[in-house]
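Trainee: One structure, as C-alpha cells, below. Some questions next.
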Amino acid sequence: MLGDSLLIVFISVVTALLAEGLTWLMVYRTEKYQKLKNEVDKQSKKLEKRKEALGESAASKNQKRRLNLEEEKLKNHNRDLSAVRMKSMFAIGFCFTALLGTLNSVFEGRIVAKLPFVPLGLFQGISHRGLPGSDFTDCSFIFLYILCTMSIRQNIQKLLGFAPSRAAAKQGGGLFQPPQATNK
Amino acid sequence: MKNPQGVYERAFTRNSPWPDKEELLDVVYWSRQILAIIIGVAFGILPLAGIFAIVLYCGITTLAMNVYVSEFQKQDLEEYGGFFELAKEGFMSAFASFLVVWIIVYSSMHASL
C-alpha cells in the first residue's frame, strides 16, 4: 500500500512539473504574457494602495469614478491574461485526461490507501471510485492523485514564481467575466 | 522573495520589521505548509482519525499563523486583511498536503488490508 501511495505522489510531482514546463513553453516565456502580467501586478498594487488611501477619507464622486475606471481596466487586463493562459490549459487538459485514463486502468479496483476518516457523501464518489465493497475508508487512486496535485502543483508554481501575485488574485477577474467598457 | 536569506532571519526574529507585506505572507504560506506536514505525520503516527482530527488541524494552523503574526511579529492583523484573510493564506494547498501525509502515514502504519 505504501508503495502505491508513494508512486502516486511521484506521478503527481512529475505531472505537475511537466504541466508547468509545458505552460512555460507555451505561455510564461512569451513576451505578451510577461507584459500583461507586469501590467496586472502593477495596476493591482496601485489600485490597492489607492483604495486604502481613499478608505480613510470620504472619497469624492470624482475620485470614486476614477477608481471604478481603473478597476474596469484591471479586469480587462486580467481577462486578457486568462485568455493567454487558456491555450496551454487546453493542451495540458487534453494530455492529462489521456494520462489519467491510462493510470485509472492501471490502478483499477486497487485500494491504494486507507483513509483515517470517512469522506462526506459528496466526495465518496471520488474516494471510492472503482473500488469493490462498501468500506468508505478505502481510498481510490484518483482521490489521492487529486489531493497530491492540489498540494504539489500550487507549491511548485509558487517555488518557480509562476503563481499569480496576491494583489492580482485579490482583485479577481478572469476569462469568464464580461468585458467592461472603459469610458474615456 | 527578493532576499530569502534576510526573510529567513527575520522570520525567526521576534518583532522584525516587514516593510513588504508580501514577504511576511510568504513566510505564513510556507510555515503553514511545513506545519501541515508535521501535523500530518503526527496525526498519522498517533493515530488520530475522523472529522475531529480535521477540525483540530484547521484550528491549530489558523491559530498558530494568527498568533505568529500578531504576537510574535507584533503586526497589525488588519494591515493583512484581518483574521480570516490570514487564515486563508495557502489554506487549500496546505490542507491537501496535510491530508496526503496523514493518509499515507496512517495507512502505512495502522491499516491492514
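Trainee: Over the protein assembly as shown, give the accessible area per residue in Å² for a 1.4 Å probe, as an integer. Present the calculation step by step, with values, prior to reporting the outcome.
Mentor: Numbers: 16470 Å² over 297 residues.
Each residue of the protein assembly as shown exposes 55 Å² on average to a 1.4 Å probe.
Trainee: Any aspartates and glutamates with Cα under 14 Å of the residue A:158 Cα? List them, leaving off those in the same chain fewer than 8 positions away.
Mentor: Result set, ordered by chain and number: A:20, B:22, B:23, B:26, B:89.
Trainee: Give the Kirkwood hydrodynamic radius (Å, one decimal) of the range A:1-144, defined as one over the mean of 1/r across all pairs of different Cα atoms. Each step should come with its number before you reach the end.
Mentor: Details: mean 1/r = 0.0521 Å⁻¹.
Every distinct Cα pair counted, the radius reaches 19.2 Å.
Trainee: Evaluate the relative contact order of the range B:37-113 (contact order divided by residue number), counting alpha-carbon pairs under 8 angstrom at least 6 apart; express in whole percent. It would help to have the intermediate numbers written out before the result.
Mentor: On the way: 50 pairs, mean separation 43.5, N = 77.
Relative contact order for the range B:37-113 comes out at 57 percent.
Trainee: Taking Rh as the Kirkwood radius computed over C-alpha pairs, what is the Stokes-Einstein D of the range B:37-113 at 20 °C in a medium of viscosity 1.002 mPa s, expressed in µm² per second?
Mentor: Numbers: Rh = 13.5 Å.
Diffusion coefficient, whole number: 159 µm²/s.
Trainee: In percent, what relative contact order does chain A have, based on Cα pairs under 8 Å that are 6 or more apart in sequence? Can you show the working numbers first?
Mentor: On the way: 164 pairs, mean separation 67.2, N = 184.
It comes to 37 percent, rounded to a whole number.
Trainee: Are there any helices in chain A, counted as whole DSSP H runs, that stretch 20 Å or more along their axis by Cα and score at least 0.5 on average by Kyte-Doolittle, and if so which? Don't skip to the end; give the middle numbers.
Mentor: Numbers: long enough: A:2-23 (31 Å, 1.82); A:31-56 (38 Å, -2.01); A:61-106 (63 Å, -0.45); A:141-160 (27 Å, 1.07).
Sorted by number, the helices that extend far enough and score high enough are A:2-23, A:141-160.
Trainee: Averaged over all directions, how much area does the convex hull of the C-alpha atoms of the protein assembly as shown cover when projected, in nm²? Mind showing how you got there, number by number?
Mentor: On the way: hull surface 73.1 nm².
If I average the Cα hull's projected area over directions, I get 18.3 nm².
Trainee: Any chance you could give the angle, 0 to 90 degrees and rounded to 10, that helix B:51-67 forms with the longest Cα principal axis of chain B?
Mentor: For B:51-67 against chain B, the angle is about 20 degrees.
Trainee: Specify the residue with the greatest mean-square fluctuation among A:76, A:104, A:62, computed from a Gaussian network of chain A linking alpha-carbon atoms under 10 Å apart.
Mentor: So, out of A:76, A:104, A:62, the one fluctuating most is A:62.
Trainee: Over what distance in Å are the Cα centres of the range B:87-113 and the range A:21-55 separated?
Mentor: Cα centroid to Cα centroid, the span is 33 Å.
Trainee: If you take every residue apart from residue A:66 with its C-beta less than 12 Å away from the C-beta of residue A:66, what net charge results, scoring Lys and Arg +1 and Asp and Glu -1? Walk me through the numbers before you get to the answer.
Mentor: Values: positive: A:46, A:50, A:51, A:61, A:64, A:65, A:73; negative: A:70, A:71, A:72.
Value of the local net charge: +4.
Trainee: Let me check I've understood the local charge: for residue A:144, count other residues with C-beta under 13 angstrom from its C-beta, Lys and Arg +1, Asp and Glu -1. What total comes out? Could the numbers behind the result be given before it?
Mentor: Working: positive: A:110, A:114, A:129; negative: A:4, A:138.
Local net charge: +1.
Trainee: Moving on to the next point. Going down the table (A:49/B:74; A:64/B:21; A:87/B:21; A:42/B:88), which pairs top 30 Å between alpha carbons? Write down the numbers at each step before the final one.
Mentor: Numbers: A:49/B:74 22 Å; A:64/B:21 26 Å; A:87/B:21 33 Å; A:42/B:88 23 Å.
Violating the 30 Å limit, Cα to Cα: A:87/B:21.
Trainee: What's the carbon and sulfur percent of chain A's accessible surface, probe 1.4 angstrom, rounded to a whole number?
Mentor: Values: 6580 of 10710 Å².
Exposed carbon and sulfur together represent 61 percent of the surface.
Trainee: When chain A is treated as a GNM, springs tying every alpha-carbon pair under 10 Å, which of A:130, A:121, A:109 comes out with the largest mean-square fluctuation?
Mentor: For chain A, modelled as a Gaussian network with Cα springs under 10 Å, the answer is A:121.
Trainee: Return the long-range amide H neighbours of residue A:113 (sequence gap of 5 or more, or a different chain), with a cut-off of under 5 Å between placed amide H atoms.
Mentor: A:139
Trainee: Residues of B:48-54, mean number of Cβ from any other protein chain within 10 Å of their own Cβ, rounded to a whole number?
Mentor: Average per residue, whole number: 3.
Trainee: Per-residue counts of other Cβ atoms within 10 Å, averaged by peptide: what ranking do you get for A:2-13, B:86-97, B:45-56, highest first?
Mentor: B:86-97, A:2-13, B:45-56
Trainee: For the range A:1-49, which trypsin sites (Lys or Arg not before Pro) are in a loop by DSSP, counting at most 14 other Cβ atoms within 10 Å? Before the final figure, lay out each step's value.
Mentor: Working: sites: A:29, A:32, A:35, A:37, A:42, A:45, A:46, A:49; in loops: A:29.
Those satisfying the criteria are A:29.
Trainee: Residues of the range A:131-152 losing 10 Å² or more of accessible surface, assembly versus chain alone, probe 1.4 Å, please list them.
Mentor: A:144, A:147, A:148, A:150, A:151
Trainee: State, in square angstrom and to the nearest 100, the accessible area buried between chains A and B, both chains counted, probe radius 1.4 Å. The partial results should precede the final answer.
Mentor: Numbers: alone 11860 and 6860 Å², together 16470 Å².
In total, chains A and B hide about 2300 Å² from solvent.
Trainee: Let me know the mean shielding of A:2-12 by other chains, meaning the per-residue number of their Cβ atoms within 10 Å of its Cβ.
Mentor: Average neighbour count from other chains, rounded to a whole number: 2.
The values are calculated or read from the model by the stated rules, or taken from the named source; none is laboratory data. Computed from a predicted model, the values in this text were never measured in an experiment. With ideal geometry, Cβ positions are generated from the backbone for all residues, glycine too; neighbour counts draw on all protein chains shown. All accessible areas refer to the heavy atoms of the entire protein, side chains included, with ligands and DNA or RNA removed. Shrake-Rupley method; radii C 1.70, N 1.55, O 1.52, S 1.80 Å.
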